[in-house]
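Here the structure comes first, spelled out in structure tokens, and everything after it is commentary.
Read the figures in this text as sums done on the coordinates, not as results from a lab. Please read all numbers here as calculations on a predicted model, not as lab measurements. Counting neighbours? That spans all protein chains shown, and the Cβs are built from the backbone with ideal geometry, glycine included.
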Amino acid sequence: LCSIDRPEEGGLPPYVFALMAIFFLQQRKEPLLPVYLGSWIEGFSLNKLGNFNLKDVQNDAVFWEYTESAAGDADTAKEGAPKEMPVKRGQVSLIFDFKHLPSVPVGQLWVEMLRFYALE
């Protein structure tokens, strides 16, 4: 009715709804889709996303590394030589256990998604 799915009339492109649905299903309190980098990683912040690197995919897992940035480090500025930054490593399974997912009606997901984007 409001032409939100028609970009030629000022609405959103069709792929945006797919991206919004995927993001919502990853961010639910009980996620229905896996997340490979997220708040469950200690120290994760969207502001530091550039410090995370996906390194490899092996044995049904994604391997990542996190390196602290040297910007603003007083010791580096005094010494002139870059200090070796600690690297955190981790892995996330590519296999999502669908057996333990909650059974949620599609109508409820639709209402939750509307609430997620409209209010939260």
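Taking 0.36 nm per residue of separation and subtracting the current Cα-Cα distance, fully stretching the chain between Leu49 and Cys2 would add 13.4 nm. Put a dot 7 Å past each Cα toward the Cβ at Asp56 and Tyr15; how far apart are the dots in nm? The answer from the label model is 3.1 nm.
In order along region 110-120, phi translates into HN-Hα couplings of 4, 5, 4, 5, 4, 5, 4, 7, 8, 10, 9 Hz, rounded to whole numbers, per the Karplus curve 6.51 cos²θ - 1.76 cosθ + 1.60 with θ = phi - 60° and x for Gly and Pro.
In this structure, the amide hydrogen of Val35, modeled 1.01 Å from its nitrogen in the peptide plane, lies closer than 5 angstrom to no residue at least 5 positions away or on a different chain.
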